[in-house]
1. Relative to a virtual label point 7 Å from the Cα of A:A117 in the Cα→beta-carbon direction, which members of the stretch A:30-52 show backbone nitrogen distances below 12 Å?
2. Evaluate peptide A:83-89: per residue, the Cβ atoms of other protein chains within 10 Å of its Cβ; return the mean as an integer.
3. Rounded to the nearest 0.05, what FRET efficiency do B:R102 and B:D188 give with R0 = 45 Å and r taken as the Cβ-Cβ distance? Could you check?
4. Only loop residues by DSSP count here, and only those with at most 10 other Cβ atoms within 10 Å; note down the trypsin sites (Lys or Arg not before Pro) in the stretch B:413-519 that meet that.
5. List the lysines whose Cα sits under 29 Å from the Cα of B:K292, skipping any in the same chain fewer than 8 residues away.
6. For the stretch B:180-283, what are Rg and Dmax over the alpha carbons, in angstrom?
7. Please work out the FRET efficiency for the pair B:F466 and B:V359, using the Cβ-Cβ distance as r and a Förster radius of 22 Å; give the result to the nearest 0.05.
8. When the chain is fully extended, how far beyond the present Cα-Cα distance does B:Y168 get from B:V118, taking 0.36 nm per residue of separation?
Amino acid sequence: MNAPAHVLVAEDNPALLGVIALTLRNTGFEVTATHSGSDAWEYLRKNGVDLVLADYNMPGMTGGSLCEAMRHDPRHQDTPIIVLTAFSAELQHDHEFESFGVSAVIRKPFSPRDVIAQVRQILRPNRQPATIPAAATSDVPSSPNSD
Amino acid sequence: MSPQAPTQTEGSASQAVEVLGNIRVPQSAGTTSGSPAPPHFQSLLHRAVAYQSATALVGLAVLLLGFLANGSLHTASGWIPPATAAMIASLCVALGAWAAWRTLKPARAVEQQLHRFVLSPVVAAEAVIPSDGVTPLETGWNRLVQHLRSSEEAHGLSQRLEVAMLKYRQRQGEQILNALTDGIAVTDDAQRITCANNALYSILHLNPESEVLLGDSIELALAREAGIEPGTRILDSDHLRHRVVREIACPRDNSSCTLRVCRTPLAAEHHSAQGGFVWCVRDVTQQKLADKMRDQFVNAATHELRTPMANIKAYAETLALGEVDDVEQQKMFCNVINDEVTRLARFIDDLLHLSRMEVGATTLQLQVTDMGRLLEETAAKVRPQMLQKNLQFEIELPGKLPELIVDKDKLAVAVINLLGNAAKYTPDGGSVQMRVSLPKDTLQIDVEDTGIGIAAEEIPKVLEKFYRSSDPRVYGETGSGLGLSLAQEIVRLHGGTLSVASELNKGSRFTIVLPVTAE
């Protein structure tokens, strides 16, 4: 039996992070929730995941910087990335994300079901289990006062 | 010689009178009038009669001479001797000649002048001399001369007026061109400048007193300004018959500016030919900056609107799909939705207030306000927030605070924003102080905390709209980045200032200074 796909979520908005993580877990994914780009990268340096779901506009290490760092790391060069953004398509076109090699862009506000659908669509063709065993469901500690 | 000669002559003169008397003078080209001959034709009529008299005298003399040739002249009173007849005849001839000369002299003078006009290549160069006689012909000629002279004077005046108007229009055109802030140039087909206004000199950093653009290639002049290789076309040469616009970046000392160059073809007299171009060069650096700031504003506002909406949608949909069974968790979800709606409403209110204040559309509801009471009430509103985080909240007010004429509701918003920020960014167990003092003619409100502080490089930006520190501790708190901007705008509308001093990880102090006007 295959292990559930492992999704890392990086979102600085705690309420949104909570509901995305909840929906993914309810759907059967293994979820690691992080509150910032740097927390996510800290996790990725030591662990492998099947997909990264990252907010674009985060303090410190942004979603863009996280994508860039992943593409420079041989272990995460091919890891699918979904970017969440609150910027409108008129002001931030999808092609701006192409340089980061993202698989999809989801604009806020979004339906959690749309997120699930996108994650499933991206993972289905070459479903790979997590290469490095991680805690079943772990939330990486966030920065102080971030909640 | 026929004895009927005088009768014939007289008959001719009568016929002439008859013909002249029947003349109809054309009033305008192609039309004739039925009115009688005008006065100058009547004068000619009189001349003809005088001429007839002189001719009659000459005819009489000729008759006498005829009889003389026959040897005698028989009259009713008897025979006139030939010598007497000859004398009478001579006298008649002399009188006739004198009358003819007298009559024809002014006509001859006029004829000579008219002859000169006919022969002269330049009619206007010929002097028109009035006659000094008083005969009808001379009087008529003199009136004609007078009319001609007044016409010449009027024509000269008209020409001088036309030249003056032309010069005035040229000067006015130059003034209008030089009053424009856009650089304007007119070029010929080869794009050599034939006319340029002062603004173009200014945009190209040239001195119109010492440097001349006329005759220069405008392409070269613009390429020099933009630091582009000479010979590189600024505007393409394929669309010469259409208006072409391009923006070029020009390096400046420490920055760069953007020039918008527009070339419009001028219509030639003949459709097939090119009539040169009008070039309009506008410095759009400020406009570009404003566009960029507007985009940033829209981007930030959009982001701030979408973030709570994302939470509301995600939580509401999760609840609606029944993915949360636990009642406590359902309540928590509802609270999140409620908080986000409140946050959204506050953000929209702040944004509207700030926008209205910035464009001067907000009027302050000024009233005499007890500042001590206002600050006490404001502190009471944030006290629960302080207690929730176990913060030590202290207020220091002087014994007696003056009454100020302020918009108390708006000023309360400004102070609440400062106190709310202090509570938000001060860790549990920290302290917040509000101190009020009265330095020289002012009322000073200091809000000081022992919070996370602001990095030195971020201090100048914290009062900007939508600015939020990149400190993760700030991002962990909800906020739109509008509170401090709004506070600053409110204080500014009251004629005061808002300043900030801070040290990272030690705390911040925000200071409002309001003018105290003596009653």
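1. none
2. 4
3. 0.05
4. Of the trypsin sites (Lys or Arg not before Pro), the ones in loops of the stretch B:413-519 whose Cβ has at most 10 other Cβ atoms within 10 Å are B:K440.
5. A:K108, B:K461, B:K465
6. 13.5, 48
7. 0.80
8. That pair, B:Y168 and B:V118, stretches by 14.1 nm at full extension.
Each reported figure results from applying straightforward, stated rules to the coordinates on display, with no laboratory input. Being a predicted model, the structure only gives us computed values, none of them experimental. Here Cβ is always computed from backbone atoms with ideal geometry, including for glycine, and neighbour counts include all displayed protein chains.
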